[in-house]
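Presented below is the structure to which this report refers.
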Amino acid sequence: MILVAQVSDTHFDLGSRNAERVEAVLAFLNGLRRTPDAILLTGDVTDAGKPEQYAQAKLALATDIPVYAIPGNHDDRAAFRTTLLGEAASDAPINHAHRIGDLTVALLDSSIPGEPSGLLSDETYAWLHDVLATAPADKPVLLALHHPPAHLFSPVVDEIALAEPEKLAEVVANDQRIVAVLTGHAHSSATTTFAGKPLLVAPSTASVLGGDWELELPDHVMDYAPDPAVALHLIDETHSLTTHFRSVPMSGWLGVPPA
Ligand SMILES: [Fe+2]
Ligand SMILES: [Fe+2]
């Protein structure tokens, strides 16, 4: 069994609150009987893309479990590269792929510098085609990006989702190895289908964004009361995918119900 944790929208902002919530999630993951093989961090790592926010993120994300991160709309590619990844500054998309046992995870940079909405560039599609061309036959593939390529009935986010989703849909529909698409951005644990595959939206560790059926904008848009949460993706030997969404209480584990 392969176990991949997905943490999203950490929004490191130099304050202690968001950092402590990520630290609680990482402590939870590190304390599991079966620790995850990897942690995917699907964007909005920082709140404003500042180098010092990436420095805060790098410190908090230091863990024995490999962390694979991509940018979201709140990130800055140059600062992401230099401070979080320790690479040379560049505004090129931050795409990377990893092999985890039989699984290939392709992380795609859907951010557009200076824009809140998302788009996968021609360069990113060319890179993805190369990754898929060299990925093992008959072995599972997960795609991860920040911006959901589907309508989620989510105020704010549906206006700034992935543009040109049909281009990604064609890739996903035509490759039997792709078992699911993972995103963040919506600050909500959500699932739908995309190109006939599961589209799994990880919760944010920082806040929860209500859906279209909740109270009117502009009040009650973001809820900062809920505990942070994480998505746990399990892939078995038949390549079947199961996902659990797990909130991580800031007050710690409680083995018996409260009186
Ligand atoms: Fe976010
Ligand atoms: Fe976002």
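Throughout, read-outs are computed from the coordinates displayed, never taken from laboratory work. Being a predicted model, the structure only gives us computed values, none of them experimental. With ideal geometry, Cβ positions are generated from the backbone for all residues, glycine too; neighbour counts draw on all protein chains shown.
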Item to complete: Compute the Rg to Rh ratio over the chain from the alpha carbon atoms, using the Kirkwood formula for Rh, and round to two decimal places.
Response: 0.94
Worksheet item: Tell me, what is the FRET efficiency for L254 and E115 to the nearest 0.05, using R0 = 51 angstrom and their Cβ-Cβ distance as r?
Response: 0.75
Worksheet item: Which part of region 231-255 falls in the paramagnetic zone of L32, meaning amide N under 13 Å from the point 7 Å along Cα-to-beta-carbon?
Response: 231-236, 242-248
Item to complete: Of the DSSP beta bridges with both residues in the chain, give the percent that are antiparallel, rounding to the nearest 5.
Response: 55 percent
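Find the percent of Cα-Cα distances in region 110-243 that exceed 23 Å, and round it to a whole number.
Beyond 23 Å sits 37 percent of the P(r) for region 110-243.
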Fill in: Contact order normalised by residue count of the chain, Cα under 8 Å, 6+ apart, percent
19 percent
Discussion item. Need the full-extension length gain, W213 to T192, defined as separation in residues times 0.36 nm minus the C-alpha distance. One decimal, nm.
Written reply: 5.9 nm
Item to complete: Report the net charge of residues surrounding P71, where surrounding means a beta-carbon distance below 10 angstrom and charges are Lys +1, Arg +1, Asp -1, Glu -1.
Response: -2
Worksheet item: Dipole size in debye (nearest 20) for the chain around its Cα centre, Lys and Arg Cβ +1, Asp and Glu Cβ -1?
Response: 880 debye
Fill in: P(r) weight above 15 Å for region 42-109, C-alpha pairs, percent
51 percent
Fill in: Efficiency of FRET from Cβ geometry, A62 and D91, R₀ 30 Å, rounded to 0.05
0.70
Fill in: Reachable lysines, given that their alpha-carbon falls under 22 Å from the alpha-carbon of K50 and they are not under 8 places away in the same chain
K58
Item to complete: Please give the FRET efficiency for A133 paired with V156, using the beta carbon to beta carbon distance and R0 = 41 Å, rounded to the nearest 0.05.
Response: 0.65
